[in-house]
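The values are calculated or read from the model by the stated rules, or taken from the named source; none is laboratory data. Computed from a prediction, not measured in an experiment: that's the story for all the values here. Every residue, glycine as well, gets a Cβ built from its backbone with ideal geometry; the counts of neighbours run over all protein chains shown.
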Amino acid sequence: METQVLGLSVDSTDCLRAWAESLGGITYPLLSDFYPHGQVAQRYGVLRAEGFSERAIFIIDKKGIIRYVDVHDIDEQPDNEVLFAELAKIEPELARAWAIRAMAAAKALPPAPRPEAEVIMYCTSWCPSCRRARLWLKEKGISYIEIDITKDRTAAARVRGYANGNETTPCFDVKGTIILNFDVPKLEKALGLA
């Protein structure tokens, strides 16, 4: 799709660079709204009186019209499916073509090698749902292999094939059963815990 993801923060450029490096790099540009402090966040109505901004997502069309707003808790991982659905409303033909290409590319990949663990978790280092999933797996004593899709782009393509063209994390392969998102009931059923 003809979209551009941008990250915007009231933090300084040095702080943003350190944050991106701590994640092992990110795939989109980060912009600093540091000086004048929070001016962009204020214009979009998400700057708090304390001087920091809300966690928010804005989808802005090519004409500069805000088409979608989601203000959410800092630990909440927005549902990529919702965001892609909103983008598809703006440019439905491009969305369909992009999804078809992504699925075709993922299907052309050779089968994933099967590690010894019963569970493969495709994830990112920054995803809050991935952090909750790691804790849950540890509490249940379930061994698993973790693959960071920001570092393994073949794995990212595989996830796009599982998730209709989206890089949805966490994504689980439990003995060949694919489970998108941290869906505890589905995981318990696939693992024989339910």
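Worth pointing out:
- In region 124-163, residue surrounded by the fewest Cβ atoms within 10 Å (Cβ to Cβ) [restricted to those that are hydroxyl-bearing (Ser, Thr, Tyr) and part of a loop (DSSP other than H, G, I, E, B)]: Ser143
- Among residues of region 164-187, those that are part of a strand (DSSP E or B) and within 14 Å of Cys127 (Cβ to Cβ), counted: 3
- Qualifying residues in region 152-185 (those that are among the basic types (Lys, Arg) and under 18 Å from Ala117 (Cβ atoms)) - the one farthest from the chain's Cα centre (by Cα): Lys175
- Number of positions in region 63-87 that are farther than 21 Å from Arg131 by Cβ and modelled with pLDDT under 85: 4
- Against the numbered list (1) of a type outside the set (S, T, N, Q); (2) over 20 Å from Glu76 (Cβ atoms); (3) loosely packed, with under 14 Cβ neighbours inside 10 Å, Ala190 comes up short only at (3).
- Test: residue in region 1-17 that is at pLDDT below 85 and of a type in the set (Asp, Glu): yes
- Flag if Ala41 is without any contact (Cβ under 8 Å) to a residue 12 or more places away in the chain and not in a loop (DSSP other than H, G, I, E, B): no
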